[in-house]
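Structure, as structure tokens:
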Amino acid sequence: MNAQRIGDPRLVEEAAGAVAEHTRWVDDFPTAGVRFADLTPVFADGPSFSAVIAALASAAPDAELVAGIDARGFLLGGGIARTLGVGVLAVRKAGKLPPPVQTCEYSLEYGTAAIEIPGDWMALQGRKVLVVDDVLATGGTLAATVELLERVGAEVVGITVVTEIEALGGRARLQKYPLTSLVRI
């Protein structure tokens, strides 16, 4: 299946407007030549945050669990999980969880990184999981998260992000999953 924009179009449009209105743009951060989209003002504005959560939650109403990626994905994941009436799983950077853990390493432009989930207490086999993060850039972190969840038997029913940086091509790495981005830049 090719990735597609999913979710309630009215909610997605409302949330996209809130993101466009409240995002703070910072030039040359974290390095020269990069334009950083700070979503903190979006999350701090109650109606905007609510609109974002509603839109992202509409992308996978049948999810049984929401996996939020460290760290802004935690904020989004908790809100979406509450909206759907399901639990939330924190997908952590390596070294943040006590053992045992399940780990997935992945390549970055400048080295490697790893993400982890609890290793033996979470029964994920057959559970329908929505994966959420704040931004889709190259797709490395999201692809690693999907790989990790599928390795432990979860069924990824969708991926949602607030912002997608189209020029970096991350969507291509995730094309077999329904993917919703509220704003594409």
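The values are calculated or read from the model by the stated rules, or taken from the named source; none is laboratory data. Given the structure is predicted, the values throughout are model-derived calculations rather than measurements. Positions of Cβ are backbone-derived with ideal geometry, glycine not excepted, and every protein chain shown enters the neighbour counts. Note: areas computed on protein heavy atoms with side chains; ligands, DNA, RNA excluded. Shrake-Rupley method; radii C 1.70, N 1.55, O 1.52, S 1.80 Å.
List of remarks:
- Exclusive hit being open to solvent by 30 Å² or more (accessible area, probe 1.4 Å), within 30 Å of Leu11 (Cβ to Cβ), touching a helix residue (DSSP H, G or I) at 6+ places or on another chain (Cβ under 9 Å) and at pLDDT 95 or above, set Ala67, Ala54, Ala81, Ala63: Ala54
- Lone unmet requirement of (1) touching a strand residue (DSSP E or B) at 6+ places or on another chain (Cβ under 9 Å); (2) farther than 27 Å from Ile185 by Cα; (3) outside any helix (DSSP H, G or I); (4) not hydroxyl-bearing (Ser, Thr, Tyr) for Arg82: (3)
- In the stretch 114-133, of all residues being in contact with a Pro (Cβ under 9 Å, 6 or more places away or on another chain) and open to solvent by less than 50 Å² (accessible area, probe 1.4 Å), the one that is nearest to Ile69 (Cα to Cα) corresponds to Pro118.
- All positions within the stretch 126-185 that are more than 12 Å from the chain's Cα centre (by Cα) and hydroxyl-bearing (Ser, Thr, Tyr): Thr138, Tyr177
- Residues that are open to solvent by 10 Å² or more (accessible area, probe 1.4 Å) and of a type in the set (S, T, N, Q), drawn from the stretch 38-51: Thr40, Ser50
- Residue tally, condition open to solvent by 60 Å² or more (accessible area, probe 1.4 Å), assigned to a helix (DSSP H, G or I) and in contact with a strand residue (DSSP E or B) (Cβ under 9 Å, 6 or more places away or on another chain), over the stretch 141-168: 5
- The residue pairs whose first member lies in the stretch 113-132 and is closer than 15 Å to Thr145 by Cα and modelled with pLDDT of 95 or more, whose second member is of a type in the set (Lys, Arg) and in a strand (DSSP E or B), and whose beta carbons are closer than 7 Å, counting only pairs six or more residues apart or on different chains, are Ile115/Arg92; Ile115/Lys93; Glu116/Arg92.
- Taking the stretch 1-31 as the range and being in a loop (DSSP other than H, G, I, E, B), open to solvent by less than 100 Å² (accessible area, probe 1.4 Å) and either of a type in the set (D, E, K, R) or modelled with pLDDT of 95 or more (or both) as the test, the residues that pass are Asp8, Thr23, Asp28.
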